[in-house]
1. Out of ALA299, ALA319, ALA247, ALA230, I need the residue that is open to solvent by less than 50 Å² (accessible area, probe 1.4 Å) and modelled with pLDDT under 95. Which one?
2. Go through the stretch 322-368 and count every residue that is free of Cβ contacts under 8 Å to residues at least 12 places away in the same chain and crowded, with 22+ Cβ neighbours inside 10 Å.
3. Within the stretch 381-403, how many residues turn out to be modelled with pLDDT under 80 and either under 30 Å from ILE342 (Cβ atoms) or not in a helix (DSSP H, G or I) (or both)?
4. Pick from the stretch 116-126 the residues that are over 16 Å from the mean Cα position of the chain (by Cα) and surrounded by fewer than 17 Cβ atoms within 10 Å (Cβ to Cβ): which of them is farthest from TYR231 (Cα to Cα)?
5. Could you tell me whether ARG286 is within 20 Å of THR216 (Cβ to Cβ) and surrounded by fewer than 21 Cβ atoms within 10 Å (Cβ to Cβ)?
6. Can you tell which of LYS274, LYS345 is modelled with pLDDT of 95 or more and under 22 Å from SER217 (Cα atoms)?
7. Can you find even one residue in the stretch 161-181 that is open to solvent by 80 Å² or more (accessible area, probe 1.4 Å) and modelled with pLDDT of 95 or more?
8. Tell me the residue from ASP192, ASP196, ASP201 that is touching a strand residue (DSSP E or B) at 6+ places or on another chain (Cβ under 7 Å), open to solvent by 30 Å² or more (accessible area, probe 1.4 Å), more than 26 Å from SER376 (Cα to Cα) and assigned by the TED database to the domain that holds ALA168, please.
Amino acid sequence: MKGRPPGRSSGPRKSGTAPAGRARGAVKAARARKPDAPKAGPRPPAAKPAAKPAAAKPAKLSPAKGVSLDVRQFRVGADDDGIRLDRWFQRHLPDVGFNTVSRWARTGQLRVDGARAAPGDRIAEGQSIRVPPAEPKAPETAKPRRVRPQLTDDQMAFAQGLVIHRDAQAIVINKPPGLATQGGTKTDDHVDGLLDALEFDLDQRPKLVHRLDKDTSGALLIARTARSAAYFAKAFSSRTARKVYWAIVMGVPSIEDGMIELPIAKQPGTGGEKMHVDEEEGLPSRSRYRVIERAGNRAAWVELQPYTGRTHQLRVHMAAIGHPIVGDGKYGGKDAFLSGTISRKMHLHARRIRVDHPDGGRVDVRAELPEHFAASLASLGFDLSAGDLPLDEEIARPPTREDEKKAARAHAKQIRKGRKGERRARGSGGGARRKS
């Protein structure tokens with residue numbers, strides 16, 4: 001028997017007792033023996049080689065970064081008809097953030113009726129929305145949920161007493177002067193905080209779709225459902241809704257029926273709290289006025305119609321032509337007040353609102369004047385019955401050439417929309433045949 005190198009033991013070793021270096025030496029020695037060489041006892045279990053990598057396994061294919069393999073399908077309901085896609089996520093999948101929605105859109109995972117979609121696209125009832133599964137969120141520190149204060153019986157009665165029109169889709173209130181539409185810094189009392197009192201027979205909170213300045217009184221439209229909120233918001237943004245204001249202004253405009261077209265921008269240094277006419281940086285703004293009656297050269301009762309919706313537009317425009325609204329010290333300064341018994345409150349009132357109804361027909365409501373405004377009209381000798389002038393489209397007259405062009409454009413638009421719908425229907429039908 002051949003001699004063993006010094007320092008080696010002939011007996012078996014326990015597993016895990018030999019250093020890795022010795023285990024490797026034993027393996028090499030075993031490989032060097034001849035096939036017929038006798039085995040010297042059982043081979044001790046060798047430790048796994050530390051330096052030798054394990055055999056490579058076939059790599060699993062994974063989707064591209066940000067791409068999910070499983071998807072969900074949602075059908076757009078009637079209440080969501082016409083809203084933006086990102087608004088749909090806010091309503092139905094609030095846990096999915098805007099950044100995630102945008103990434104899904106960029107990577108082609110977000111689709112409407114099979115076509116790629118963007119967060120700003122408008123959706124329609126019946127369409128199918130393809131949504132990847134929600135991604136796990138990093139644990140966040142729980143934030144206390146803000147709970148709206150419970151309204152008192154007096155607040156409930158006050159809010160419901162403001163209602164001058166109510167149907168299945170809309171509410172119109174006569175907002176008093178001094179009550180803000182929405183809350184803000186140091187503003188605790190506002191219409192938005194009273195909306196819980198206006199649910200009535202529906203189990204959902206009404207929604208604001210436009211606003212009035214705090215010191216402006218009059219008709220304020222409130223949507224009762226998500227569907228009507230989207231419909232009315234579109235009507236205001238597209239300027240199909242008509243708003244008529246009454247105002248008492250200082251002096252008498254030389255032109256009795258005029259259009260003011262002056263661009264408006266935020267006045268620097270006011271934090272956006274005040275606007276001014278800015279020919280270079282301002283946004284296009286148009287306001288029409290019509291003189292109803294005049295009190296000598298002292299003051300005039302006018303009707304105002306905003307054709308655009310800039311902040312404080314009517315107040316800025318009337319002050320810009322030298323006839324600020326009575327009581328509007330913000331834009332008229334000390335020259336915006338009449339002496340005597342005339343109230344120092346602002347004399348601007350949303351008298352009428354007219355807008356198409358989502359269920360057909362129109363909402364057409366007039367709001368009665370607040371006490372101080374009615375008292376000022378009486379004090380100045382104005383006849384209240386003369387105030388409601390007909391809108392241009394309410395005056396019977398033959399259509400002008402411009403009216404005919406407008407009607408032709410609207411008709412052509414409807415035809416194009418119909419053809420687009422037919423093409424979309426044919427495309428979806430062809431896809432179904434191919435699948436079968």
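The values are calculated or read from the model by the stated rules, or taken from the named source; none is laboratory data. The model shown is predicted, which means the values in this text are computed figures rather than measured ones. We place every Cβ from the backbone using ideal geometry, glycine too, and count neighbours over all the protein chains shown. Keep in mind that these areas ignore ligands, DNA and RNA; they rest on the heavy atoms of the full protein, side chains included. Shrake-Rupley method; radii C 1.70, N 1.55, O 1.52, S 1.80 Å.
1. From the options ALA299, ALA319, ALA247, ALA230, the qualifying one is ALA230.
2. Count: 0.
3. Final tally of qualifying residues: 5.
4. ARG116
5. The answer is yes for ARG286.
6. Checking each option against the conditions leaves just LYS345.
7. Looking for residues that are open to solvent by 80 Å² or more (accessible area, probe 1.4 Å) and modelled with pLDDT of 95 or more, one finds at least one in the stretch 161-181, hence yes.
8. Answer to the selection: ASP192.
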